[in-house]
Every structure is written in C-alpha cells, then in structure tokens.
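**Q** Sharing a structure here in structure tokens format.
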Amino acid sequence: MINITNKVDCCGCNACGDICPKDAITFETDIDGFWYPKVDRDKCVDCGLCEKTCPIKNIDSIKKSEFKHPPSIAAVNKNLEVRFDSTSGGVFSALADRTYKDGGYVVACEYTKDWGVQWAVSRDREDLPRLRSSKYLQSDSSGMYREIRTLLKEGKQVLFCGLPCQVAALRSFLHGETENLILVDLICRYINSPLAYRKYLDTLEKEYGSKVVYIKAKNKELGWKRLTHKVVFENGSTYYGTIDNDIFMKASMRLNCVSRPSCYECRFKTFPRYGDITIGDYWTRGTRSNLDDDTGTSVVLLNSPKGGSFFNSITRKLVTEEVSLDSVLRGNPALLRSLPHSRIDRSVFFNRIRQEDFRAVVDELAATCARNPEGRIRRFLKRGRNYLRILGRVVSYTRCHPRALSQFFYLNFFHPAIRRSVDFSKEKVVYVTPHCLFEIDRKAKVELGGPLVFGASVFKKSKLETRIRMLAGARLITYGPYGFGYGSDIEIFKHAVLVSKGGPRTNMGTTIICQSKIVIGAEVAIGRDVTIRDNNGGHTISVNGYQDSRPVIIGEHVWLCSGCTVMGGVKIGDGTIIGAGTHVSRSFPARCVVSSEPARITGHNIYWKM
C-alpha cells in the first residue's frame, strides 16, 4: 500500500491510481495546489501494485535509454507558422505529424476551460495546435496510463510526450518495452502549482477587468529569449509578461516558491534518459548556432536506436545541425541539477495567495528576501553593477562631448521638470547624445519608469538633430525603457500628455505632435519617417461636430511601418501592423494588417516578431 509521508517522494504522476485494480486510490490536493494519493483501506487488497509502479520507489529498475551520451542535434521546423506557435523550434509538431500520418495516437497536455492542464489522447491532426507548446503546470493524468495500455494492446502506435517523471511512470506502468510506443521526455527545470497559476491569472483578470481567453507561454512576438508570457482577454486587451517583469516568473524562477516539493530533490535529472527522444530549448551559452534567430530552436537527444530511427523519418521537415552534448548541458543545467530550494517560506506564500492579491504577495516577499543578509549582498552587488552600467551608457551616448555631458547633468540633477523623477538606483535616468535640442518648460513634467534616451543613433558620427519641445503643463510619462531616436521631432503642447509604456525607441524622422493625449503601448515598433499626431494644427473646419484634437491610443506590440501617419481619434488594437505609407484616420482592431489608401484591413489574425 502506498503511503506518502514525505512530499518529496511523490511527483504527482497519478500512475498508482491507474494501476490499482480496485480503484482504491484517490488524490487529494494540499494547500500548495498539488495532489497526493490517498488509499481507501476498505477497498485496498494489499496487492502492492501501487508501490511496484511508483517511478520514484522503482527508479533503479525502470528501463532507461541505451545511450549514456546520446547524439545531440539542434533543429527547427521548416514551417515558420508552426515554429512561431511552438515553445521552441517545433520538433514536437513534426513528431506528432508523423504519428498522425501513420494512423497513430499522440498523447500530450492541453489546457482545461479554467486554464488548468490535463492529458489528451488524440488521433486527429486538428488537435495539434492545442497540444503544442509547454504549459509549465502540474497536469492531471488520471486515466491516461490505462488508455495508453489499451491502445498498445490493440496494436496502435502511440507517441507520448511528457516530463521525465511521467515517462518513467509510464515505463513502470507498462512493465517493459513496447514496440509501438515512442517516448519523448522534455528537458524539465520544475513543474508549477496549478493553484498559484490560477491566483496569478485572477490578478491579471482583475487588473485588465476581463476574463482570460488565450494563453501562450514563451510567446515569440517580442523574441523567444525574453520568455514572454502572453495572455489575451475577452475585452481584446493583451498582456505581454517577460522574464524581466512577469510576476509569475518572478515567483517561479527567482524565488523558486511555486514548484512541487519533489522538484527540489528530483530523481530524474540523469543520463541515460528515460525517453527514446529528449526535446527542449537549445540555449546557446558560449556557443553559436546558425539556427538561432530568436524564433525558437529545439535541442534533440536521441537516446535509443528506436528514437533515432523515428527522428530520422521526420528530418525532411526540419533544418538540423549537429551540436555537442557539452553545449546542450551548458544551456540546460536542469538536465543534471534539481531546482534550488525556495528563497522564502513556502507555507507563508501559499497561505497568503489564497487570501491576497498574487502580485502584492510576490512583490512583498521578494522585497523581504532582498533585505536578508544574502539579499543585501545581492542588492549591493546589483546596485554597483547598475551604477557602472549607467556610467558606461553615459560615456557611450554622450561620447564625452562637453555639450552632451552638460545637458546630461542639467537634465538629471537640476531641471525641475525631470530631476524629481530621476532614480539612479533603478536606472530612471535621462541619457542624451551630442545633437539634441531641448525646449522643456520648467512647469512641464517628465515621469520616468526606466531609462529614457534622447537622440540614439546607429551611426556614431551622425549629426542629425533630435528636437524635444514641452510647453507649460505638458507631461511625458514612460512605464519602462524608451528612447527617441536621431532625427525625431517631439512636441507636447500645454497640458497635453504623451505616454509610452516602454519598448524600442522611435526611428529616424519620427514626428510626434501631441496637443491632448497620445498613448504608445509597450513594444511598439516604429519605422522611419512615421508621424503620430492627435491634432490638425489648431485649424478650424466648418463641419458640424469637428474637433481639432482627439486622443490617439496605440496598443501593445503594434508595428508602424515606414512613412505611415496616425491621426487624431485613432485607436489601434494590440499586435496590428500598419503598412508603409498608410494614412490612418480611423480605428482598427487587434492583430490585423492595415494598408492601402484609403486605409483598410488586408489581413486578419496576424502574429509577428520584432
């Protein structure tokens, strides 16, 4: 009879429940949101199958892969749409496609309606988009093992893709090798609590005032390496949380407080592997790959002859490159090492998130962690690196030009419109280049959410002037790093507000004329010679209802291509592309392509990467 007395001895695979012939095992969820087996003693017949199947108890006897040092391959799917929609390079999709083509079944995870994770057994290729991409949550696999066993007994081909502990559990459940089964294990750092993730989504829904309708981990629109967590809401809003600012990633990757206890002492960080094939991210630390274009690259370890043969059957759909196992290990230490223990008291964390706002709890506990002796040392070193980085950027941007240096000191230390917002410890600093012209009224206000650069240029010897004019009462607000590139002309009139939510700088020749309000969303890409204005220059037209100035709202991750013009009263939805030379005088929804003259929608459901 299985009896878990120490939580590190249970990985939550659910295999013991599936093997029980009397259905005597159920699973109870603890305060952390993880489930553990509970035996009904009235039903139990002490057959011992549950203990004989547990992958942790029988780890030494479970058959492992044949190769201790497997061949290593970097790979990307030739289909860019598939690769873009995948967590890494799209290798799982190619493996699944082959299985579907052979009439087999694909077993992988999918989201539930409330954004939990469950297992699905699929024989229809139309299911692939919902099976694709990692979910990073503990998945409920009750009933899955029995269903796979039935399919194999019927002679069906099955492709199973899961975590190493789940692959080991399936091997143990089936008691040996099965010719028609291909096992694919993922490179896993940890698995997260469904409870904590639900509380995180509750916080986002509260902040955005709408229900979640779509989630994509490692979304690539801002680049694969930023590990962006994309969440779309029912009201059309989109959240892009990167490794730098997402609160769930702060909890899981910095505080290490939302993972299953067994992840801190994982028994499956080893070679040889338990799957025929191992797949994961190919992070090129200290090496270079011709496949790495920040759209996602997979690494593939071929752990058995059967796995190698199956992979060779799909290579025509991939672009591949042989890599060394050492390079794989440098980028994926989780292949060998368990997750470091949490830096905070987990019981306090889980008790609090049940009652309080997830963001508030994470931020407070992270701040508390930073105040302990180890945290103070980390903070001291981080602050020292930060000041050195600021000094280096001052030298880089000003090029030690006397005029630029004097402007830097005046704006950051003496100008009343800016100096109150400057915080060097958090790099809320204004950087300037030699060819900037400022007319900022002392009664204007610049509110910094990060570093702000005036006049940045890719041409180091460029003398193209960047002009910034702010009248009395004008406000410039940034919520993150931002910059006005060389040749930009920025004018903010009396009591007008220009807001940037952070992202890449404006391009050469950008003109922004703000008379009332202009909001530029996060990660908005701006091409050359783009004009954004919320007004008609103060002119009056004899038309009923005419307004000279109306606010402009540009959503998140919008692409304004070269030469386009955005006029007053326009609202552009998240992810939309405004084509080159397009004159936009009316609003457009999210994720479309707008072009032609007059402006019209020429593409729907578009996703793009910077």
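No lab work stands behind these numbers, since they all come straight from the coordinates. It should be emphasised that the depicted structure is a prediction, and the values quoted were computed from it without experimental measurement. Every residue, glycine among them, receives a Cβ derived from its backbone with ideal geometry; neighbour counts consider all protein chains shown.
**Q** Quick one: in the range 138-151, which of the residues that are without any contact (Cβ under 8 Å) to a residue 60 or more places away in the chain and not charged (D, E, K, R) is farthest from VAL184 (Cα to Cα)?
**A** THR150
**Q** Are any residues in the range 447-488 in contact with a helix residue (DSSP H, G or I) (Cβ under 8 Å, 6 or more places away or on another chain), among the aliphatic types (A, V, I, L, M) and not in a loop (DSSP other than H, G, I, E, B), and if so, which ones?
**A** Those that are in contact with a helix residue (DSSP H, G or I) (Cβ under 8 Å, 6 or more places away or on another chain), among the aliphatic types (A, V, I, L, M) and not in a loop (DSSP other than H, G, I, E, B): VAL453, ALA456.
**Q** Please find, within the range 489-501, the residue that is farthest from the chain's Cα centre (by Cα) out of those that are outside any strand (DSSP E or B) and surrounded by fewer than 19 Cβ atoms within 10 Å (Cβ to Cβ).
**A** So the first thing to find is which residues in the range 489-501 are outside any strand (DSSP E or B), and the list is 493-496, 501.
Cutting the leftovers down to surrounded by fewer than 19 Cβ atoms within 10 Å (Cβ to Cβ) gives us 494-495.
Working: LYS494: 39, HIS495: 37 Å.
Once the filter is applied, the top-ranked residue is LYS494.
**Q** Using the structure shown, decide if GLU523 is within 26 Å of ASP244 (Cβ to Cβ), in contact (Cβ under 8 Å) with a residue 24 or more places away in the chain and of a type outside the set (Phe, Trp, Tyr).
**A** Working: within 26 Å of ASP244 (Cβ to Cβ): yes; in contact (Cβ under 8 Å) with a residue 24 or more places away in the chain: yes; of a type outside the set (Phe, Trp, Tyr): yes.
Spelling it out, GLU523 is indeed within 26 Å of ASP244 (Cβ to Cβ), in contact (Cβ under 8 Å) with a residue 24 or more places away in the chain and of a type outside the set (Phe, Trp, Tyr).
**Q** Conditions first: (1) part of a strand (DSSP E or B); (2) over 25 Å from HIS495 (Cβ atoms); (3) touching a Ser or Thr at 6+ places or on another chain (Cβ under 7 Å). TYR431 passes all but one, so which condition is the exception?
**A** All conditions are met except number (3).
**Q** Which of the residues that make up the range 138-179 are polar (S, T, N, Q) and part of a loop (DSSP other than H, G, I, E, B)?
**A** Of all residues in the range 138-179, those polar (S, T, N, Q) come to 138-139, 141-142, 150, 157, 166, 172, 178.
Result: GLN138, SER139, SER141, SER142, GLN157, THR178.
**Q** Can you name every residue in the range 296-354 that is of a type in the set (Asp, Glu) and either closer than 28 Å to VAL8 by Cβ or touching a strand residue (DSSP E or B) at 6+ places or on another chain (Cβ under 8 Å) (or both)?
**A** Step one: list which residues in the range 296-354 are of a type in the set (Asp, Glu), which gives 321-322, 326, 345.
Selection gives GLU321, GLU322, ASP345.
**Q** Right, next: Residues in the range 544-556: is at least one within 30 Å of the chain's Cα centre (by Cα), within 17 Å of ILE601 (Cβ to Cβ) and assigned to a loop (DSSP other than H, G, I, E, B)? Write out each step before concluding.
**A** Going residue by residue through the range 544-556, those that are within 30 Å of the chain's Cα centre (by Cα) are 552-556.
Cutting the leftovers down to within 17 Å of ILE601 (Cβ to Cβ) gives us 554-555.
If we keep only those that are assigned to a loop (DSSP other than H, G, I, E, B) too, we end up with 555.
Scanning the range 544-556 turns up at least one residue that is within 30 Å of the chain's Cα centre (by Cα), within 17 Å of ILE601 (Cβ to Cβ) and assigned to a loop (DSSP other than H, G, I, E, B).
**Q** Considering the range 528-545 alone, what residues qualify as being under 20 Å from ILE490 (Cα atoms) and not small (Gly, Ala, Ser)?
**A** Step one: of the range 528-545, the residues under 20 Å from ILE490 (Cα atoms) are 528-539.
Hits for the range 528-545 are ARG528, ASP529, VAL530, THR531, ILE532, ARG533, ASP534, ASN535, ASN536, HIS539.
**Q** Given the criterion of a type in the set (S, T, N, Q), without any contact (Cβ under 8 Å) to a residue 24 or more places away in the chain and crowded, with 18+ Cβ neighbours inside 10 Å, identify the matching residue among ASN219, ASN192. Please lay out each step first, then the result.
**A** Working: ASN192 fails: without any contact (Cβ under 8 Å) to a residue 24 or more places away in the chain.
Answer to the selection: ASN219.
**Q** OK, next. May I ask you to list the residues in the range 411-428 that are surrounded by fewer than 12 Cβ atoms within 10 Å (Cβ to Cβ) and either among the charged types (D, E, K, R) or touching a Ser or Thr at 6+ places or on another chain (Cβ under 8 Å) (or both)?
**A** Quick first cut of the range 411-428, residues surrounded by fewer than 12 Cβ atoms within 10 Å (Cβ to Cβ) only: 413-414, 423, 425.
Across the range 411-428, the qualifying residue is only ASP423.
**Q** Output the residues belonging to the range 397-428 that are of a type outside the set (D, E, K, R), more than 19 Å from SER488 (Cβ to Cβ) and not in a loop (DSSP other than H, G, I, E, B).
**A** PRO402, LEU405, SER406, PHE409, TYR410, ASN412, PHE413, PHE414, SER421, PHE424, SER425 - these are the residues of the range 397-428 that are of a type outside the set (D, E, K, R), more than 19 Å from SER488 (Cβ to Cβ) and not in a loop (DSSP other than H, G, I, E, B).
**Q** Now a separate question. Give the residues of the range 526-550 that are buried (at least 17 other Cβ atoms within 10 Å of the Cβ) and of a type outside the set (Val, Ile, Thr), sorted by residue number. Write out each step before concluding.
**A** Initial filter on the range 526-550 (buried (at least 17 other Cβ atoms within 10 Å of the Cβ)): 526-527, 529-536, 549.
If the condition is that a residue be buried (at least 17 other Cβ atoms within 10 Å of the Cβ) and of a type outside the set (Val, Ile, Thr), then GLY527, ASP529, ARG533, ASP534, ASN535, ASN536, SER549 are the ones that fit.
**Q** Taking only the range 294-318 into account, find how many residues are polar (S, T, N, Q), closer than 21 Å to VAL82 by Cβ and in contact with a Ser or Thr (Cβ under 8 Å, 6 or more places away or on another chain).
**A** The initial filter retains those residues of the range 294-318 that are polar (S, T, N, Q), namely 295, 297-298, 303-304, 309, 312-313, 315.
Now restrict to residues that are closer than 21 Å to VAL82 by Cβ: 295, 297-298, 312-313, 315.
Among the residues that remain, those that are also in contact with a Ser or Thr (Cβ under 8 Å, 6 or more places away or on another chain) are: 297-298.
Of the residues in that region, 2 qualify.
**Q** Quick one: in the range 307-348, of everything that is under 20 Å from SER93 (Cβ atoms) and of a type in the set (D, E, K, R), which residue is surrounded by the most Cβ atoms within 10 Å (Cβ to Cβ)? Talk me through it step by step, then tell me what you get.
**A** Filtering the range 307-348 for residues under 20 Å from SER93 (Cβ atoms) gives 307-321.
Then keep just the ones that are of a type in the set (D, E, K, R); that gives 316-317, 321.
Numbers: ARG316: 8, LYS317: 18, GLU321: 16.
Top of the filtered list is LYS317.
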